[in-house]
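Working notes, beginning with the structure itself.
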Amino acid sequence: MWSEQDTAPGAVEAAIRQLLTEQYARDGACAPARVLNLVVVVDREWRGEVLNRLEAVGRYHPSRLILCAVENGRSTIDATVAITTEQDREAGEPELVRERIVLELGPSHLKALDSIVDPLVVSDIATVTWSPHGHPEAVDALLHLSQVMLLDSVNEFDARSAVSRARELASDAYVVDLAWLRSTPWRERVASTFDPPQWREELGRITSVTVHHAPQSAVAAVLFCGWLSARLGWDPGSLVRTNGMAHGKAHGKRQDVALQLETDATMSVPGLAGVEIETASGMSIGLSRGPGGLTAKRRDRKGHESSWTVLGASRGEAGILCEGIRQALLRDPAYAAALERAEAMVG
């Protein structure tokens, strides 16, 4: 480890190079476990909680972690650099080296945060930026250094500002949205329901979609409807909010589709609470949160009903973050299409 108070980026960069040189001298078989740079901007009081969340992620998605802890009233930069290695490797196997840089700085540093972070990133791998506590000025400063922006749209004031911010960032970097990833099990189950040939034609007969969501997760519901619209060729109109609900219509190839977003005040975690889809022939499907997974219900054209539990659909917030880091190395074109339709709904 190395630490220094009132330091500068050049000194931090020299320190991490020195620590790595010393480690290579001790064990020539060591190798940095890097697939990306992960730059995280957090409020200082939440530093420990965020580091704990990243512990599991770092094991499966190794990165050079640069954590910027923002403390009100601070005018200098304190830094700590840690190099760690695995202790349980087999004889003759390469020793994985993990790198963590923690910078304690003040709000005045955020507008020029790129000049502080730039010397610390590894230039030949992708850089991911995540700012879970806001600090948009820091995100804007780091945008030209970042290939991927990790965000959680539920942290924005409302769905309109969330979609607008995501679209703004997407013009300069690839966006991975945790609000979108929370709906992955719901999208997979809806798609699989219509996958059998005998149900495929019902996709063109959908007449209504109702989405229940946590109070802070209206944007997740909008993105879900945006995904359906993009995949099925609907042209959604603006949503109107009344009595805690948002409703509107999407123009389909055969008929209009009624869209309704309802808040579920009992939801204590972000994300969706339920989805109901009805078709003109009388078929309907419903998904809702239940013990151990999602509870699915289906009624066919003849009125016959069936229900089952989709086990293991929930990954928890730790799993969502882990998937967000994994998605930084992939590309999901479905999100961009859903975001475009979502903008039409909240614009």
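The residues packed around residue 337, meaning those with a beta-carbon under 14 Å from its beta-carbon, carry a net charge of 0 if Lys and Arg are +1 and Asp and Glu are -1. Under a cut-off of 13 Å between alpha-carbon atoms, report the aspartates and glutamates in cross-link reach of residue 297, not counting same-chain residues fewer than 8 places apart. Output for residue 297: 276, 278, 305. In terms of overall dimensions, the C-alpha atoms belonging to segment 119-255 reach 57, 38, 23 Å along their principal axes, ordered largest to smallest. Based on C-alpha pairs under 8 angstrom that are at least 6 apart in sequence, segment 128-227 has a relative contact order of 28 percent. Solvent-accessible area per residue in the chain equals 47 Å², computed with a 1.4 angstrom probe and all protein chains kept.
The charge dipole of segment 160-240, taken about its Cα centre with unit charges on the Cβ of Lys, Arg, Asp and Glu (plus for the first two, minus for the last two), comes to roughly 140 debye. For the chain, the Cβ-based charge dipole about the Cα centre amounts to some 1520 debye (Lys, Arg positive; Asp, Glu negative; other atoms uncharged). Would you tally the net charge around residue 44, using a Cβ to Cβ cut-off of less than 13 Å, leaving residue 44 out, and scoring K and R as +1, D and E as -1? Net charge in that neighbourhood comes out at -4. The fraction of accessible area contributed by carbon and sulfur in segment 181-226 is 53 percent, rounded to a whole number (1.4 Å probe; ligands and nucleic acids excluded). For segment 18-24, 3J(HN,Hα) computed residue by residue from phi via the Karplus equation (6.51, -1.76, 1.60; θ = phi - 60°) reads 5, 4, 5, 4, 5, 5, 4 Hz, glycine and proline entered as x.
Heavy-atom accessible area, probed at 1.4 angstrom with all protein chains present, ranks 1, 245 as 1, 245, highest first.
Highest mean first, the peptides 186-198, 286-298 sorted by other C-beta atoms within 10 Å per residue fall in the order 286-298, 186-198. Measuring between their Cα centroids, segment 242-314 and segment 1-29 lie 54 Å from each other. Heavy-atom accessible area, probed at 1.4 angstrom with all protein chains present, ranks 224, 157 as 157, 224, highest first. Based on alpha-carbon atoms, the Kirkwood radius and the radius of gyration of the chain give Rg/Rh equal to 1.05.
Peptide packing for 14-23, 36-45, 174-183 was compared via the average number of neighbouring C-beta atoms within 10 Å per residue; ordered from the highest value, the list is 174-183, 36-45, 14-23.
The helix-only estimate of mean residue ellipticity at 222 nm for the chain, built from DSSP H runs of length n ≥ 4 each weighted as -39500 (n - 2.57), is -10000 deg cm²/dmol after division by the residue total. The relative contact order of the chain, computed from alpha carbon pairs under 8 Å that lie at least 6 residues apart in sequence, is 15 percent.
The values are calculated or read from the model by the stated rules, or taken from the named source; none is laboratory data. Since the model is a prediction, treat every value here as computed from it, not as a measurement. Every residue, glycine as well, gets a Cβ built from its backbone with ideal geometry; the counts of neighbours run over all protein chains shown. For the accessible areas, the whole protein counts, side chains as well, though only heavy atoms, and no ligand, DNA or RNA atoms are used. Shrake-Rupley method; radii C 1.70, N 1.55, O 1.52, S 1.80 Å.
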